[in-house]
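Below is one structure, written out as structure tokens; comments come after it.
Values quoted throughout were computed directly from the atomic coordinates according to the rules given, and no laboratory measurement underlies them. Keep in mind the model is a prediction, meaning the values are calculated, not measured. Note that each Cβ is placed from the backbone with ideal geometry, even for glycine, and that neighbours are counted across all protein chains shown.
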Amino acid sequence: MSKFDLKAAALKYDIGNDFAPVVVASGYGPVAEKIINIAEQQGIPVYRDDSVSSMLCMLDVGKSIPTELYEIIAKIYCSILMSAEKYKGIDTEK
């Protein structure tokens with residue numbers, strides 16, 4: 001995949017203010033590369049999935065994800081949380 005095929009989207013979710021995760025950035029090529037670099041520099045987990053990023057890049061920035069994406073985004077969030085817990089040495093299998 002060339003760097004111009006790269007896609008990225010950034011989500012935020014504030015349980016107190018957001019009904020669902022909100023797309024805060026998305027783009028292709030150099031923009032996607034910048035989104036990923038900023039996330040990595042800030043210690044924000046990066047989940048790499050070309051299909052999901054393609055769907056998220058079709059959404060408008062500032063809008064909540066549609067209900068059709070709730071399940072896949074929830075699975076991604078759970079995967080990230082489990083990875084973070086394992087990295088920190090917390091046993092999640094209890």
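What is the distance, in nm, between label points placed 7 Å from the Cα along the Cα-to-Cβ direction at Tyr47 and at Glu33? The modelled label-to-label distance comes out at 2.6 nm.
Order 21-27, 54-60 from most to least packed using the mean count of other Cβ atoms within 10 Å.
Output ranking for 21-27, 54-60: 21-27, 54-60.
Per-peptide packing, taken as the mean over residues of other Cβ atoms within 10 Å, places 45-51, 7-13 in the sequence 7-13, 45-51 from highest down.
Work out how much length Ser83 to Lys12 would gain on full extension: take 0.36 nm times their residue separation and subtract the Cα-Cα distance, in nm to one decimal.
Numbers: separation 71, 0.36 × 71 = 25.56 nm, distance 1.83 nm.
Here the answer is 23.7 nm.
For the chain, the calculated P(r), taken from all Cα-Cα distances in 5 Å bins from zero up to the bin holding the longest distance, is 2, 13, 21, 24, 19, 12, 5, 2, 0 percent. Secondary-structure-derived ellipticity at 222 nm for the chain, considering helices only, amounts to -13000 deg cm²/dmol, per-run term -39500 (n - 2.57) for DSSP H runs with n ≥ 4.
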